[in-house]
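Heads up: the structure comes next, in structure tokens.
What follows draws every value from the coordinates through simple rules; no lab data is involved. Keep in mind the model is a prediction, meaning the values are calculated, not measured. Ideal geometry is used to build each Cβ from the backbone, glycine not excepted, and the neighbour counts take in all protein chains shown.
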């Protein structure tokens, strides 16, 4: 007796119609068309604004008012849409499908998914759904990070928690992001050029206190920020930096092991980023060795830079070359707290996946394997 065909999957789809300079609407329509042609039950959960779309997605994932829970949620757009999807499905066991069709597709690139290729992306999703129906896989489990805005006592502010999958930043690039979002003219990339010029004109290093439990052996990697104003409780041998404060090492990522030890960095700074994935901003490799499935966050700091120093360091970030600058250091941790201090100017609001999170203080925690992504490929690493 022949086997019964697998039942159609119940899929929610959220589309950003403005993605890729307005081409997102057509990409979304094509995605829905292909999924329905394959026999799946597709619910269009798109909405006029992101908060309503997120509410629709969360309700559908939970099976509220949609005739039952979803088998998967599919997002069509860039990193902002992936951010929405992660906040709907992280920790639920419902997988996320990604059709990368935005101007920035950093998380899709980290996953090695098709970018600006709707038919190829949907074919991959259909293969994954088929594998899930057959019980032969179809998903990849990766890490997600949780950002918790804190009050003045460093206690969580209820209802403000956000998930992200890429990079959280609270440095100069976040200030540029905030400035660009506030501008109504010009449009497109010219808006960011204007925002960069505006922020550089008024730039002075921001004041930070960073506390974390670093992963790896203690030693020279434990910074004493701001000339020794604060530091790790472990042994520390920070060296003076040409940019002013004491900073450790040569910017090489720290090798993790099972040990953790406390760390404090208190200093004026230019770049502070907490990375789950390696890229943000449409290809800026701020944490070039960050992995989305190692259960760790990569913490990137840059001490105070002059405007000339910024002009020298920032272009190299697209290729990850900034890590060789003496003011830049990388660490690995499972949880990081970012606070503002009067050691410099007020830091900008934290942004993650290009979306505004909150003003500091913020706690960031990695949750290993919190996100299931539709992907039929085998990502098992075999020893060479």
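Here are a few things to note about the model shown:
- Label corresponding to volume of the Cα convex hull per residue in Å³ when calculated from the structure given, among (i) 201; (ii) 148; (iii) 177: (ii)
- Calculated [θ] (222 nm, deg cm²/dmol) that DSSP helices of n ≥ 4 give over the chain, each run adding -39,500 (n - 2.57): -7500 deg cm²/dmol
- Look at 341, 184 and count the other Cβ atoms within 10 Å of each Cβ; fewest to most, that gives 184, 341.
- Estimated at 0.36 nm per residue, the fully extended path between residue 123 and residue 7 surpasses their Cα-Cα distance by 40.0 nm.
- Label-reachable residues, segment 341-384, where backbone N falls under 16 Å from a point 7 Å from residue 112's Cα toward its Cβ: 373-384
- Comparing 368, 304, 158 in a Gaussian network model of the chain, where Cα atoms under 10 Å apart are tied by springs, the biggest mean-square fluctuation is seen for 158.
- Peptides 48-60, 136-148 ordered by packing proxy, namely the average of other Cβ atoms within 10 Å per residue, highest first: 136-148, 48-60.
- Net lengthening on full extension, residue 153/residue 356 (0.36 nm per residue, minus Cα-Cα): 70.9 nm
- Part-to-part distance (alpha-carbon centres) for segment 307-384 and segment 269-285, which is given in Å: 4
- Remark: 335, 267 ranked as 335, 267, counting other beta-carbon atoms within 10 Å and listing the fewest first.
- For the peptides 269-280, 31-42, 80-91, the ranking by packing is 269-280, 80-91, 31-42, with the highest mean count of neighbouring Cβ atoms within 10 Å listed first.
- Extension gain, residue 321 to residue 41, is 96.2 nm, computed as 0.36 nm per intervening residue step minus the present C-alpha separation.
- Placing a label point 7 Å from the Cα of residue 201 along the Cα-to-Cβ direction, the residues of segment 294-334 with a backbone N closer than 17 Å are 307-308.
- Of 174, 62, 327, the residue with the greatest mean-square motion in the GNM of the chain, using alpha carbon springs below 10 Å, is 62.
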